[in-house]
Amino acid sequence: MENKGFSTIVIVIVISAVSLLMAVTTSFLALGDLEMSSDYIGGKKAIYLAESCMEETLQKIQENPEYTATNFSLSLNDGLCIIETEERPESRLIKIEANTGIYYKNIEAEIETGDKIELVAYEIK
């Protein structure tokens with residue numbers, strides 16, 4: 001009889017330990033997913049900020065074809081962009097570095113200016 005009671009206690013303890021292990025593992029997986037989604041959102045914010053700064057720079061170039069920027073800082077929402085333009089023989093290179101805290105994104109675009117702005121190359125880094 002004592003063996004039966006002891007066996008029952010051991011089984012209950014093993015089942016409880018396995019259940020606890022499964023609960024802890026599920027919690028860690030959920031925290032990992034939450035961190036990944038937070039990183040995804042932060043990265044997207046950095047891309048959107050970089051694209052906004054690129055649009056702002058293109059608008060300035062359209063308004064004034066002689067516009068240049070060297071380490072020009074632009075604050076938008078909760079981020080900061082560093083904008084550089086570089087003249088080339090038949091085009092212009094625009095470099096944007098966007099920073100939204102711990103997330104950074106860079107965009108480079110090559111444009112040709114004339115009657116209108118023509119995008120030659122565009123790369124998100």
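Each reported figure results from applying straightforward, stated rules to the coordinates on display, with no laboratory input. This one's a predicted model, so the numbers in the text were calculated from it and none came from an experiment. Note: ideal-geometry Cβ built from the backbone for every residue, glycine included; neighbour counts use all protein chains shown.
Just a few scattered comments:
- Options (1) 19, 18, 14; (2) 60, 12, 9; (3) 21, 18, 16 - which one matches semi-axes √(5λ) of the Cα gyration tensor in Å as calculated here: (2)
- Loop sites in segment 40-83: GluC sites (Glu not before Pro), DSSP, at most 13 other Cβ within 10 Å: E66
- Nearest-ten-degree value, helix 2-63 long axis tilted from longest Cα axis of the chain: 10
- Difference of contour (0.36 nm per residue) and Cα-Cα distance, F72 to E35: 10.1 nm
- Between segment 84-117 and segment 1-62, the Cα center-to-center distance that results, in Å: 36
- In the elastic network of the chain, a GNM with C-alpha springs shorter than 10 Å, the most mobile of S37, S91, S16 is S16.
- Comparing I11, I47, I96 in a Gaussian network model of the chain where C-alpha atoms under 10 Å apart are linked, the largest mean-square fluctuation is found at I11.
- Computed [θ] at 222 nm, helices only, for the chain once each DSSP H run of length n ≥ 4 contributes -39500 (n - 2.57): -19000 deg cm²/dmol
- Residues D33, D115, arranged from fewest to most other Cβ atoms within 10 angstrom of their Cβ, appear as D115, D33.
- Placing +1 on the Cβ of every Lys and Arg and -1 on the Cβ of every Asp and Glu, with nothing else charged, gives segment 2-124 a dipole about its Cα centre of roughly 880 debye.
- Cα-based Lys pair tally, the chain, threshold under 12 Å, eight or more apart or on separate chains: 5
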